[in-house]
Amino acid sequence: MTNETTAELTGFAALGITGALLKATQAAGFADPKPIQTQAIPPQLEGRDILGIAQTGSGKTAAFALPILSKIIGLGTKRRPKTTRALILAPTRELAVQIEDTIKLLAKGAHISTALVLGGVSRFSQVKKIGPGVDILIATPGRLTDLVREGDLILADTKWLVLDEGDRMLDMGFINDVKRIAKATAPDRQTALFSATMPDEIAELAKGLLKNPVRIEVAPQSTAAAEIVQSVVLARTKQKRQVLSKMLADEGMRSVIVFSRTKHGADRVTKDLARDGFEAAVIHGNKSQNARQKALNDFRDGSVRILVATDIAARGIDVPGISHVVNFDLPDEAESYVHRIGRTGRNGRDGIAITLCDPSENAKLRQVERIIRMKLPVIADHLGSPDPQRDPKEKTERHFEPANDREHHGGRRDGRRPGNGNNGKKRFGGKPAGEHAATGKPNGERNGDGAKRFRGNNKRRFGGKRPANRAA
Ligand code: AMP
């Protein structure tokens, strides 16, 4: 190609994307590359490793998928059985499904095979799909580790490795699985690591896995949150149901995510909404993979306008056109607030975020305001009104939180990251999240559940037996 013709190229073509892939980007409506794509695609096409600091919503999926696709197209269909040419690791099932959807969209017209390996659904069909070998495998680390250990998947031929949402992997206790998986791939592989934040452990991981990487950083969602109008409604916990239902009666709330801090809380909100005449889908870690996917699909295609979600379950979900985010309660970690409200106001569209705040949550609210560096305006105050009476026909439900109610925030239920204490993470005053009020011990230590499993997991090798009930 002459300099002259290069100068004429625009959009993805100017980045080196050609043929069917270029057509697919146009068909997908990706007219102009996003900043992360402009920065990440050319070096990857040259074979460089990438360290990308970017969030979901930045366009990072196409940023890593297009170079891999352009290298795999043309390699033909000759693959060894049970192998994959490229492996993309994602922390959650929802993100993995979303990545596969994007890849399929971009690979339209090219003969590329993809497969998903996720926890919580049958292994049989996954093993069958990998059998003849695939081009691109998208996986969550837990189930992938199982398949490798049992010899159903061989990673020796894997020449492209992507680790997506590295900080989430860390939070969810997957970091050792990730290291083992990376070690099993081809030593001369090309690697890309994406993370919204760069805690020490991720920087360390990057050092171990990436060779002389190109470092790319795009502005996080939180700095682009100017289009999101944020406010607070003061309401006691007992008033929140009524306040929410009154709010949702406004049809202008076209597409709403309601966030709940706990899984039990999410179920309770969904049930109360149904009693008040609002159909809502719900998504949290205790739901089966199929139920979670159905909830997401129904929400995405508009057949339900309300999705109730916990923080972890909603992470990484990219549903365009969400008009409102309602925080039924404040999250345990102030950073989660930024992730929550970032579900709306995407792609430059306006968004509205409303937070219901009980007086007991004031400290959390102050912490959020410190993080976003602004005071949130109070648009309504119900504190002077009496608590609404529950319909006596409704079964009385005690408000309690089972010990394992909070979503896994990491292998460790105390909310701290393994390794170095709280890792400089901002945390609300008082007890660390997940700590048992009476014993002061992390829940996992008390009930032998999450934390123990993670520690065991830490030591696991591909040769060992893993716990049967590990999700994702
Ligand atoms: P991601 O961060 O990869 O989850 O992408 C966020 C959203 O941006 C997805 O809905 C993509 O379909 C969309 N997207 C990615 N790249 C482009 C582009 N160049 N132009 C328009 N939309 C894009």
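Points to keep in mind about this one:
- Ordering of 296-305, 325-334, 356-365, 113-122 by burial proxy (mean other Cβ atoms within 10 Å per residue, highest first): 325-334, 113-122, 356-365, 296-305
- Efficiency of FRET between M198 and N290 - r from beta-carbon atoms, R0 25 angstrom, step 0.05: 0.10
- Per-peptide average of other Cβ atoms within 10 Å, ordering 70-80, 138-148 highest first: 138-148, 70-80
- In this Cβ point-charge picture (+1 for Lys and Arg, -1 for Asp and Glu), the stretch 81-171 has a dipole of about 380 debye about its Cα centre.
- Charge-dipole axis of the stretch 2-217 as Lys and Arg at +1 and Asp and Glu at -1 on Cβ define it, positive-most pick from I88, S113, F30: S113
- Net lengthening on full extension, D101/A184 (0.36 nm per residue, minus Cα-Cα): 27.3 nm
- The stretch between R254 and D350, if pulled fully straight at 0.36 nm per residue, gains 33.3 nm over its current Cα-Cα span.
- A simple spin-label model places pseudo-atoms 7 Å from Cα toward Cβ; at S360 and K246 they are separated by 2.2 nm.
- Working from label points 7 Å from Cα in the Cα-to-Cβ sense, the T77 to E279 distance is 4.1 nm.
- Full extension of the segment from R215 to K393, taken as 0.36 nm per residue of separation minus the current Cα-Cα distance, would add 58.1 nm.
- Check: the stretch 228-381 dipole with +1 on Lys, Arg Cβ and -1 on Asp, Glu Cβ, in debye: 160 debye
- All other residues whose Cβ lies under 9 angstrom from that of Q190 are scored, Lys and Arg at +1 and Asp and Glu at -1, for a net of +3.
- On the basis of the beta-carbon distance and an R0 of 35 Å, D157 and S303 show a calculated FRET efficiency of 0.25.
A short reminder: the numbers here are calculations on the coordinates, not readings from a lab. All values reported here derive from a predicted model rather than from experimental measurement. Neighbour counts run over all protein chains shown; Cβ positions are idealised from the backbone, glycine included.
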